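Trainee: Just dropping this structure here.
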Amino acid sequence: MKAAFATSAVLILTSVSVAHAASSGGDANYPTKPIRLIVPQAPGGSNDIMARYIGGQLGERWNRQVVVDNRPGAEGMIGSELVARAAPDGYTLLMASTAFTMNPAMIRKLPYDSIKDFSFAATFGRAPVVITVGPSLQVNSIKELVALGKSKPNYITMASAGGFMHFVSAMFRSYAGMDAVIALYKGGGPALTDVMGGHVHMAVATVPTVAPHLRTGKVKALATGGTKRLAIMPDLPTVDEAGLPGYEASIWWGWAATGGTPAAVLNKLNTEVAAILRLPETAKRMAAEGAEIEIRTPADIREMIKLDLVKWAKVAQDANLPKL
């Protein structure tokens, strides 16, 4: 009797699952057309780099085009709002990062709700920031940089792409206790280009964005914002070690979809991205960029987002960062 009941229960659950899949627009067949991946920053930054790599891999696996659409501006809000207002079918995705959870702490009025208007599909990994200086600033350590900044108020200009870069730049300025000007750009790539060209003095950059230029010597790294030294830069101290205790900043990357996107679609994206992250090629690439792979379930990502929102709100308050 128990066996018969168990069999019936399985049949009922299976029937409900099939009916749900049928009523939710054929989620089992997802994707049946190209996927639009919105990157709310300009080309060349870490978000763009990650989007193109993971998106390219996913496109090959599914034999479906993943179109990267860069929509920079307004601290990433332009691209984020496009996804928040899109159809909840998984065909419009957001290349999200730490900036997504920082913006509510910096922007007085967002055109969307960071929790209610989004579903979360996958995370890729995270990497610490790197404090870099260009040829126009002749300093060789964090202590020298801070001493210069304090001796010449508002002399140093920090290149920022808004969002994440603006937040961690303002944090560094606050921790250093120096007055410095933050110049806003539309992306990490353009910001770093001006650092290398000597038009601005420094940038708090992400490892994927700055790594190629460190190898060529076009910019100099002074310290990393991680809690430990990077394996690919073992001689580079952390900011904490270099003389600014407590400063810690890292960026994570992931994909978000429109709020209300079917769980079947989110789970399928999550499974495929996890498979890509487990490829030896991906592990090697991420390690070379100073990033650690981070695989989370959609439910876990939502909780991470909630915790990050609280964390960065407190950091902004403690550092007296003004809201824009």
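The numbers here are math on the coordinates, done by the rules we state, and not lab data. As the structure is a prediction and not an experimental result, all values here were calculated from the model. Here Cβ is always computed from backbone atoms with ideal geometry, including for glycine, and neighbour counts include all displayed protein chains.
Trainee: Working only with C-alpha atoms, what are the Rg and Dmax values of the chain, expressed in angstrom?
Mentor: Computed over the Cα atoms of the chain, radius of gyration and Dmax are 21.5, 84 Å.
Trainee: I've got another one for you. Mind telling me which of LEU110, LEU266, LEU145 comes out most flexible in a GNM of the chain, alpha-carbon contacts under 10 Å?
Mentor: Of LEU110, LEU266, LEU145, the Gaussian network model singles out LEU110 as fluctuating most.
Trainee: Considering amide H positions built from the backbone, and no H for Pro or chain starts, which residues 5 or more places from ASN70, or on another chain, come under 5 Å of its amide H?
Mentor: VAL39
Trainee: Now for a separate question. Output the 0 to 90 degree angle, nearest 10, between the alpha-carbon long axis of helix 163-176 and the longest principal axis computed from the alpha carbons of the chain.
Mentor: 40 degrees
Trainee: No solvent, one uniform scatterer per C-alpha: report log10 I(q)/I(0) for region 129-224 via the Debye equation at q = 0.10, 0.13, 0.23 1/Å, two decimals.
Mentor: -0.20, -0.35, -1.21
Trainee: For region 38-121, compute Rh as the Kirkwood radius over C-alpha pairs and then the Stokes-Einstein diffusion coefficient at 10 °C and 1.306 mPa s; write the answer in µm²/s, rounded to an integer.
Mentor: Estimated diffusion coefficient is 119 µm²/s.
Trainee: Next question. Residue by residue, what Karplus-based ³J(HN,Hα) values in Hz, rounded to whole numbers, does region 139-156 have, using 6.51, -1.76 and 1.60 with θ = phi - 60° and x for Gly and Pro?
Mentor: Running phi through 6.51 cos²θ - 1.76 cosθ + 1.60 with θ = phi - 60° gives 10, 10, 7, 4, 4, 5, 5, 5, 4, 5, x, 6, 7, 10, x, 6, 7, 6 Hz.
Trainee: Nearest 0.05, what FRET efficiency do ILE107 and GLU303 give at R0 = 25 Å with Cβ-Cβ as r?
Mentor: 0.65
Trainee: Given 25 °C and 0.890 mPa s, compute D for region 285-324 with the Stokes-Einstein relation, Rh being the Kirkwood radius over Cα pairs; round to the nearest whole µm²/s.
Mentor: Rounded, D is 196 µm²/s.
Trainee: To continue, here is another question. Within region 61-82, name every residue whose backbone N is under 18 Å away from a label modeled 7 Å from Cα of LYS116 along the Cβ vector.
Mentor: 81-82
Trainee: By count of other Cβ within 10 Å, fewest leading, how are ASP89, ASP69 ordered? Numbers along the way, then the final one.
Mentor: Values: ASP89 19, ASP69 15.
Going from sparsest to densest Cβ surroundings: ASP69, ASP89.
Trainee: Over the chain, with a Gaussian network built from C-alpha contacts below 10 Å, which listed residue (ASN70, ASN47, ASN154) shows the highest mean-square fluctuation?
Mentor: ASN154
Trainee: Once fully extended, how much extra length lies between ASP69 and GLU144, figured as 0.36 nm per residue of separation less the alpha-carbon to alpha-carbon distance? Mind dumping the intermediate values first?
Mentor: On the way: separation 75, 0.36 × 75 = 27.00 nm, distance 4.05 nm.
Contour length minus Cα-Cα distance gives 23.0 nm.
Trainee: I've got another one for you. I need the calculated FRET efficiency for the pair ALA263 and LYS284, taking r as the beta carbon distance and R₀ as 25 Å, to the nearest 0.05.
Mentor: Approximately 0.20, to the nearest 0.05.
Trainee: Now, a different point. Can you report the principal axis dimensions of region 166-324 using only the alpha carbons, biggest first, rounded to whole angstrom?
Mentor: 49, 37, 30
Trainee: Which of these, THR92, THR123, THR282, has the largest mean-square fluctuation under a Gaussian network model of the chain (Cα springs below 10 Å)?
Mentor: Sorting by GNM fluctuation, first place goes to THR282.
Trainee: Using θ = phi - 60° and the Karplus form 6.51 cos²θ - 1.76 cosθ + 1.60, what ³J(HN,Hα) does each residue of region 295-308 get, whole Hz, x for Gly and Pro?
Mentor: Rounded to whole hertz, the list is 10, 9, 7, x, 5, 5, 5, 4, 5, 4, 4, 4, 5, 5.
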